[in-house]
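We did not get these values from a lab; they are worked out from the coordinates using the rules stated. Because the structure is predicted, anything quoted here is derived from the model rather than measured. Quick reminder, even Gly has a Cβ in these numbers, built from the backbone with ideal geometry, and neighbours come from all protein chains shown.
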Amino acid sequence: MTTPVFALTFVESARLWLLLGVAALGISFLILQRRQATYAVRFTNLSLLDSVAPKRPGYRRYVPAALMLLALAGMVGAFAKPARDVRVPRERATIMMAIDTSLSMEATDVAPNRLQAAQNAAKEFVRLLPPRLNVGLVTFNGTAVVKVAPTQDREELLAAIDQLRLGERTAIGEAIYASLEAINSAPKSDDGQKVPARIVLMSDGETTSGRPDAQAAAAAKKANVPVSTIAFGTADGVIDLPGQDGPIPVPVNPAALAKVANATNGTAFTAATGNELKRVYEDIGSSVGYTTELKDITGTFVGASLLVLFVCAVSSQLWFSRLP
């Protein structure tokens, strides 16, 4: 399945200079028509002309010529090898989703809370990815766990996302390492080559346990696996913990996640609402799940030009009893 993105280009764009010849034909036709009209007015007895030929072609005399010029322009466009960009689903790639399940995900600054909003958006992300991509799931709080190894089974992924459970602390670095290990275990391509891979990491905080972010980011860069990060939540998030006096602030930390993305040639995103998170996942899905290729549409140009020529011939026969 391919999806058009409506970007037209011409592989042999130098050939479009032939359009100047089409334009010259159009200009010469108008000049000749003007000269004939001037000659008729200057040398013809107009009253006699009205009685002999009361019906004049008017605008109709221009229609076949205009259609002919349009068809010629279309043929020139076909000669220049037109092509358009289309989005093509990637046949093979591995995407690891890493989702923060630290206690701060209980904050209700995002309705109904950060965790449920993250679950809903993550499931939408899974559904929009091409079916032949391998997708896995890592959850992390104080430790990181591979909940689903890279698979094409979307139902298994969706069920695992529904079963997320919260825990203390945040280990972003460990989540990256766990994702890299899962990627290494993913099936290779038919020719034995390693398939492209990417980590999509969503968190609302910063690392409080495990190996440092910078160390994990260096490992991801060495493995040529970009990490796209999503900082989810607001600066006003708070949670209530037993034995604590009053709410505990849990502001999102986009700067820490941006460092990880920048260090791995990934992209850093921020989302302050559930809808924003869904849009971020859609953007990531478009970039990691699809590639843009040029599709030749010369046949379309030729077919359209032939159709215009046919209309040109029919109109000329109906109105003037001759082919143009």
**Fill in**
Of all lysine pairs in segment 90-272 that are eight or more residues apart or on different chains, those with Cα atoms under 21 Å apart total 8
**Request:** Could you work out how far apart the two model spin labels at residue 320 and residue 306 are, taking each label as a point 7 Å from the Cα in the direction of the beta carbon, and quote it in nm?
**Result:** 2.5
**Request:** In nm, give the distance between the simple-model label positions of residue 158 and residue 61, each being 7 Å from the Cα along the Cα-to-Cβ direction.
**Result:** 6.8
**Asked** Roughly how tilted is helix 172-184, in degrees to the nearest 10 and between 0 and 90, from the longest Cα axis of the chain?
**Response** 60
**Request:** Report the far tail of the P(r) of segment 90-272, meaning the percent of Cα-Cα pairs longer than 23 Å.
**Result:** 37
**Asked** Cα axis of helix 63-79 to longest principal axis of the chain: angle in degrees, 0 to 90, nearest 10?
**Response** 40
**Message:** For 165, 15, which order do you get if you count the other beta carbons within 10 Å of each Cβ and list the fewest first?
**Reply:** 165, 15
**Request:** Can you spot the aspartates and glutamates whose alpha carbon is less than 19 Å from residue 81's alpha carbon? Ignore those fewer than 8 places along the same chain.
**Result:** 12, 293, 296
**Prompt:** Hey, could you pull the Cα Rg and Dmax for the chain, both in Å?
**Reply:** 32.2, 110
**Prompt:** Working out 0.36 nm times the residue gap between residue 282 and residue 208, then minus their Cα-Cα distance, what length gain in nm do you get to one decimal?
**Reply:** 23.7 nm
**Item:** Among beta bridges that DSSP assigns inside the chain, antiparallel share in %, nearest 5
**Value:** 45
**Asked** Please state the equivalent ellipsoid semi-axes for segment 262-320: what are the square roots of 5 times the Cα gyration tensor eigenvalues, largest first, in whole Å?
**Response** 52, 16, 7
**Message:** Once each part is reduced to its C-alpha centroid, what is the distance from segment 230-279 to segment 131-191 in angstrom?
**Reply:** 20
**Fill in**
Between the modelled labels at residue 259 and residue 111 (7 Å from Cα along Cα→Cβ) the distance in nm is 3.5
**Complete:** To the nearest 10 degrees, the tilt of helix 274-289 (Cα long axis) against the first principal axis of the alpha carbons of the chain is 70
**Item:** Value of D in µm² per second that Stokes-Einstein yields for segment 165-261, Kirkwood Rh from Cα pairs, at 37 °C (0.692 mPa s)
**Value:** 219
